[in-house]
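Participant: There's a structure below that I have some questions on.
The values are calculated or read from the model by the stated rules, or taken from the named source; none is laboratory data. Model, not experiment: these values are computed from the prediction. A quick note on method: Cβ atoms are made from the backbone with ideal geometry, for glycine too, and the neighbour counts reach across all protein chains shown. Protein only, heavy atoms only, side chains kept; ligands, DNA and RNA dropped before computing areas. Shrake-Rupley method; radii C 1.70, N 1.55, O 1.52, S 1.80 Å.
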Amino acid sequence: MRIFGSWRLLLVGAPILMVAQIAAAQDTTPTADTAAPAAVAPRTAATPSAAAPAAATAAAVPVKAKNGEKKGKSKKVEYTGPNNVVVLPAAPMLDEEGRQRLDPDGQPMFNPPVRQQRDKKGHPLFDANGKPVFQTATELGYDEHGKKLHVHKEKEPKMTPVSISRGTFTVDGMIGKAELNYDIADLKYIYMYVPGIGTLVVSNRPFPAAKEQPGAFNDKTLTVTTGDHKLQIGSDKRLLGKKPESAYVLVDRDFKLPSKYPVVGYGKVLKAPYTWPGGRPNGALAGAFVVPPPIPVNLQPTLLLAPCPAGQMRKAAPAVLPGQPVPDQPCVAIPKGRSTMSGPTVKGKDAVVAPTAPTPAATSPQ
């Protein structure tokens, strides 16, 4: 009986106890709406959620900056290319005949050296084939700090063009030279040599040791005097302006030419032996004209030489004065100098190589 009673108590009491526990739990458990944040909060604080990798990935992606915010600076890539700029040597400055130009002191003139361009970051610039890109007259590139280099435009000086057409050079009324045809782009000095008198240097502008002779340039003639002698150049065209202008004259009695006849020349130097360029031949006369007999050889000026092709120049030869035999001066290729490197890692003595000055080119006799 006792055993049977115990089993009966267990069968009846156990379900009642379970019902009582469930009811007590329901009374103390919060609702789903209030319990969800509490349940999630401890979990996110204690352990990382599944959205953490996605959030880290999103943070690594650059976000477009809003107005007023600074964009994030990207990491600079270190430059490992060359830093030295290639410099080509100075080339000779040539005239229309391919001869070396001279400065007012009689020294050879050279074009400035050509440097390699730099890009916007200040690095040496190369083309698609890896060849250096050099500066031009209109494009200089950038400096070593990436600043744009602008071409400095200088105001061109006022030029005085003079054209002598079918001109004659007379000394005391006697013709010393004929068929003078000169196209002078910018008049500096006109040279008149007369045996026994010397060389007269004439200009339309004042220069050291020159004396003014008023009204020397008068329409189609240039008339100057020295002592008792009168020298005149006549032309078929007007020399300067419509009004007479003064000429400034310097007499060099020490310099003499090995010529028995007068000589006319023009140039930009004030130092002997001056320059005696050739002229162009007479143009054909229009209309019904009788061809005159040829002028004696001693009265004819020497004609200009044919210009040399691009990249060539007249071979240097000893100076030849009017009246002396002229050696053959063929056109030869301009020698190419060795390019140099210029940069912070190059020593100063190796940065620039001074070009070798060639012997001044020979001049043409008149």
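Participant: For segment 120-163, name all the residues that are under 30 Å from Thr221 (Cα atoms), in a loop (DSSP other than H, G, I, E, B) and in contact (Cβ under 8 Å) with a residue 40 or more places away in the chain. Walk me through it before giving the result.
Facilitator: Just the residues of segment 120-163 that are under 30 Å from Thr221 (Cα atoms), to begin with: 156-163.
Next, from what is left, pick out any that are in a loop (DSSP other than H, G, I, E, B): 156-161.
Within segment 120-163, Thr160 is the sole residue that qualifies.
Participant: Which ones in segment 172-191 are in a strand (DSSP E or B) and charged (D, E, K, R)?
Facilitator: Matches in segment 172-191: Lys177, Glu179, Asp183.
Participant: Go through segment 78-109 and give me each residue that's in a loop (DSSP other than H, G, I, E, B), under 26 Å from Leu125 (Cα atoms) and not acidic (Asp, Glu).
Facilitator: Scanning segment 78-109 gives Tyr79, Thr80, Gly81, Pro82, Asn83, Asn84, Pro89, Ala90, Ala91.
Participant: Now for a separate question. Only residues that are modelled with pLDDT under 90 and touching a strand residue (DSSP E or B) at 6+ places or on another chain (Cβ under 6 Å): list them for segment 182-208, please.
Facilitator: Tyr182, Asp183, Ile184 - these are the residues of segment 182-208 that are modelled with pLDDT under 90 and touching a strand residue (DSSP E or B) at 6+ places or on another chain (Cβ under 6 Å).
Participant: Counting only residues that are open to solvent by 80 Å² or more (accessible area, probe 1.4 Å) and either over 16 Å from Pro262 (Cα atoms) or not in a strand (DSSP E or B) (or both), how many does segment 206-236 have?
Facilitator: 9
Participant: Could we say that Pro161 is under 22 Å from Pro273 (Cα atoms) and more than 18 Å from the chain's Cα centre (by Cα) here? First the steps, then the outcome.
Facilitator: Working: under 22 Å from Pro273 (Cα atoms): no; more than 18 Å from the chain's Cα centre (by Cα): yes.
Here the answer is no, as Pro161 does not meet what is asked.
Participant: Considering every residue within segment 126-136, establish whether at least one is open to solvent by 40 Å² or more (accessible area, probe 1.4 Å), among the hydrophobic types (A, V, I, L, M, F, W, C) and closer than 29 Å to Lys268 by Cα.
Facilitator: No, because not a single residue in segment 126-136 is open to solvent by 40 Å² or more (accessible area, probe 1.4 Å), among the hydrophobic types (A, V, I, L, M, F, W, C) and closer than 29 Å to Lys268 by Cα.
Participant: Right, next: Taking only pairs six or more apart or across chains, which ones have beta-carbon atoms under 6 Å, a first residue in segment 85-112 that is open to solvent by less than 40 Å² (accessible area, probe 1.4 Å), and a second residue that is aliphatic (A, V, I, L, M) and modelled with pLDDT under 80?
Facilitator: Qualifying pairs under 6 Å: Glu97/Leu305; Arg99/Ala361; Gln100/Ala361; Pro108/Ala357.
Participant: A further question on this structure: Every residue in segment 173-202 that is open to solvent by 10 Å² or more (accessible area, probe 1.4 Å) and at positive phi, please.
Facilitator: Of everything in segment 173-202, those that are open to solvent by 10 Å² or more (accessible area, probe 1.4 Å) and at positive phi turn out to be Gly173, Glu179, Gly196.
Participant: Of the conditions (1) closer than 30 Å to Gln100 by Cβ; (2) open to solvent by 30 Å² or more (accessible area, probe 1.4 Å), Pro244 satisfies every one except a single condition; which number is it?
Facilitator: (1)
Participant: Do you know which of the residues in segment 322-339 that are part of a loop (DSSP other than H, G, I, E, B) and surrounded by 14 or more Cβ atoms within 10 Å (Cβ to Cβ) is modelled with the highest pLDDT?
Facilitator: Going through the qualifying residues, I end up with Ile334.
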